[in-house]
Amino acid sequence: MRSSFILASCLAFSCLAEEPTLLDTLTVTATRREVPMRDLASSLTVLTEADFKARGVYTVAEALRTVPGLDVVRLGPLGQQTSVFVRGTESRHVLVLIDGVEANDPSNPGGLFDFAHLTVDDIERVEILRGPQSSLYGSDAIGGVIQVFTKRGEGKPKTSLSAEGGSFGTYRLIGQGGGQWDSLRYSLSASQLKSHGFSAADRHLAGNREDDGYRNTTVSARLNFEPSQIFALSGTTRYSRAEADTDNCGGARCDDPNARSFSDQVFSSLNGKLTLLDGVWEPRLQLAHTFIDRNFQNPQDLATPFAFFSRFQGEKLRLDWQNTFHLWPEDDLIVGFADELEILRSDQNPRRGQSTRQYYLENRIKWLNRLITSAGLRQEDPKHFGDKLTWRVTQAVQIPETGSKLRASYAKGFKAPTLYQLFAPDTGFGPVGNPSLKPETSRGWEIGIDQSFWDERILLGATYFRNDFRNLIDFVFGQGYLNRAFAESEGVEVYAEAKPLDFLTLRGSYTYTRTEDQNRKRLLRRPSHKGSFDADFKLWEGAHLHLNVLAVGTRDDLDFNAFPPERVHLASYALVNLAASYRINQHLEVFGRLDNLLDKRYQEGFGFAASRIAGFGGVRLEF
């Protein structure tokens, strides 16, 4: 196993990256307005619809696995809890946006976003911004930001239908349409994903045999209305309904034949934009709504002698007024105000709410045609504790004569306690919620270099980062939630991309991450080493082949069979995945993929199963 990990890491070093080849690609997340990637001082990766199709992935989480600095952990088959860790931070420290709508769950104990149900069906691109971003995006972004952009229609109306099936009794149906009529653009999508799955509890650990199935129905729509050059109006909505069988037997990691989780998610927004004073002033107003309903049912049976039912609803209402002033051709000032209301409802707790007012400022200047400086501030006024001020500064230095860019950033961030951490009711084992909690705080910095060669057919880059966290909120049995923990993470991200031939693109990445908690132990489920390698072939007209190798190093986890839980060691692993497609004509395409081609047995979380070798295939019709 160790040798396969070293081999895959060496491959990653030779041809590294997940960064796009087009350095002039416009991105939004790093600055809250459109900026070419070559002008960024932050570490940002963009994944596109072409990347999803090339690898044949179903979910955004699967696409994120190869991104430098990210670790993805799914506890079983499709539909099981899926966490994303950025640069060794906690999964609750990552802000997820869907078309600008904050998708983190207000009812989740840590306020994290579960990636289990986010499919790639209607997604145009995903931008992954690493490092503390509280000055730009507020409380939840002290580890990074992952922003999802859905498709917007353009050109003549188009429709596509696709059907796919394969291992574990899996099938997927997708219908999409989009286009443009005069000043109106539209995009519609509906999909259904169903799988019989496999046992979430590892079969080899306790002989589990009961499959845990999954069902997901997702519908989304987006409208853009631009009647003139000075006014634009858009609306988006995304609804998903998911049902997953689970194994909820505590530390025994045993089969549970009738435990099920249900999730309903709605993310909606209405956006208006004006362009005034000959383009000098661009005011934007967004009204956003997040609603997540989670329901867990586990009736009494042999595996669970005591029935258990729970329901949580989280809701977030947000108004964001952003003003961009183009003071000079290369000087942009952003001034904004946001008002946010979070609501938690559960069968264990009465309705709880928290309102927060936010004021933010960001100035970005490009001078001497090679120096890009930005500085930002954000003041937040939450209801349950005092004001918090966060800030960030970045600097990029472009050297066009050598195709080089030097970059650095330093930021201060914070994360407010969640409504659950503040107000969860006491149990028979002691208190849970703690209204006296303080916000978690962080300081982070990075320094990096990007280098291009051969007319940008070769891209190389490296980044060193460090994060320090204080007042981390931890749950202590018998005492509830307390500010007692601190942690640190540091590491190196290396990436590269090469296009030696017109039909061949080579990419890969390697990340080294050192994490340490208050007990000088490394943080759970975060590997010290991770590497990936991608080879993309356009074999002949209409034929496409994609090879992916993913290597993940050793990690620590907890074994809940013991009390108190014991720390265990998870072995490293390397996976080989292969995907292919062939376009028969302009209307018809066939595609397929093989996951875990070498049939490796591994665990992403102790006691939880992962997929063995699996195959899938389908057909796509466009007209």
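We did not get these values from a lab; they are worked out from the coordinates using the rules stated. A quick note: this is a predicted structure, and the numbers were derived from the prediction, not measured. Cβ placement follows ideal geometry from the backbone for every residue including glycine, while neighbour counts extend to all protein chains displayed.
Given a Förster distance of 22 angstrom, what is the FRET efficiency for residue 429 paired with residue 521, based on the Cβ-Cβ distance and rounded to 0.05?
About 0.30, to the nearest 0.05.
So what is the relative contact order of the stretch 2-622, in percent, for Cα pairs below 8 Å that sit 6 or more residues apart?
Normalised by residue count, the contact order of the stretch 2-622 is 14 percent.
Got a sec? Which residues in the stretch 387-402 would a label at residue 369 touch, if it sits 7 Å along Cα→Cβ and we count backbone N under 20 Å?
It comes to 396-402, nothing else.
From the P(r) of the stretch 230-379, can you give the percent of Cα pairs sitting at distances over 27 Å?
50
Going Cα to Cα from residue 53, which lysines come in below 30 Å? Please leave out same-chain ones fewer than 8 positions away.
Qualifying lysines at Cα under 30 Å: 151, 156, 158, 194, 499, 530, 538, 600.
Any idea what the relative contact order of the stretch 109-205 is, in percent, if you count C-alpha pairs under 8 Å spaced at least 6 apart?
21
Using Cα centres only, tell me the gap between the stretch 409-468 and the stretch 61-82 in whole Å.
One Cα centre to the other: 18 Å.
Between residue 309 and residue 287, what FRET efficiency follows from the Cβ-Cβ distance if R0 is 35 Å, with the result rounded to 0.05?
Efficiency for this residue pair is about 0.55.
In nm, to one decimal, how far is the modelled label at residue 377 from the one at residue 600, with both set 7 Å along Cα→Cβ?
4.9
Between residue 181 and residue 590, what FRET efficiency follows from the Cβ-Cβ distance if R0 is 45 Å, with the result rounded to 0.05?
E(calc), rounded to 0.05, equals 0.90.
Provide the net charge surrounding residue 210, with neighbours chosen by a C-beta distance below 10 Å and charges set as Lys +1, Arg +1, Asp -1, Glu -1.
That works out to -4.
What number results when the radius of gyration of the stretch 192-293, computed over Cα atoms, is divided by 2.2 N^0.38 Å?
Rg over 2.2 N^0.38 Å, computed on Cα atoms: 1.76.
Run the numbers for residue 204 and residue 571: contour at 0.36 nm per residue of separation, minus the present Cα-Cα distance, in nm.
130.6 nm
What is the packing order of peptides 500-510, 176-186, taking the mean over residues of other C-beta atoms within 10 Å and listing the highest first?
500-510, 176-186
Between residue 406 and residue 327, with labels modelled 7 Å along Cα→Cβ, what's the label distance in nm to one decimal, could you check?
Going from the residue 406 label point to the residue 327 one covers 2.5 nm.
Rounded to the nearest 500, what is the chain's calculated 222 nm mean residue ellipticity when only DSSP H runs of at least 4 contribute -39500 (n - 2.57) each, over all residues?
-1500 deg cm²/dmol
Find me the longest stretch of the chain that has none of the exposed GluC sites (Glu not before Pro), where exposed means in a DSSP loop (not H, G, I, E or B) with at most 13 other Cβ atoms within 10 Å.
Counting only loop sites that pass the neighbour cut-off, the longest clear stretch is 155-400.
Give the residue list of chymotrypsin sites (Phe, Trp or Tyr not before Pro) in the stretch 388-444 that are DSSP loop and have at most 11 other beta-carbon atoms within 10 angstrom.
Filter output for the stretch 388-444: 429.
Could you give me the percent of Cα pairs per 10 Å distance bin for the chain, shortest bin first, beginning at zero and ending with the bin that holds the maximum distance?
Spelled out bin by bin, the chain gives 3, 16, 27, 29, 18, 5, 1, 0 percent.
With only alpha-carbon pairs counted, each pair once and no self-pairs, how large is the Kirkwood hydrodynamic radius of the stretch 173-243 in angstroms?
It works out to 15.3 Å.
Which values, in whole Å and largest first, are the semi-axes of the equivalent ellipsoid of the stretch 72-202 obtained as the square root of 5 times each eigenvalue of the Cα gyration tensor?
28, 24, 10
Leaving out same-chain residues fewer than 8 places away, which lysines sit with a Cα under 18 Å from that of residue 388?
412, 415, 438
Please state the relative contact order of the stretch 463-619 as a whole percent: Cα pairs under 8 Å, 6+ residues apart?
Computed value for the stretch 463-619: 13 percent relative contact order.
Rank by packing, highest mean first: peptides 189-197, 282-290, with packing defined as the count of other Cβ atoms within 10 Å averaged across residues.
189-197, 282-290
Please identify the trypsin sites (Lys or Arg not before Pro) of the stretch 345-445 that satisfy two criteria: DSSP loop assignment and at most 12 other Cβ atoms within 10 Å. Which are they?
Answer by residue number: 383.
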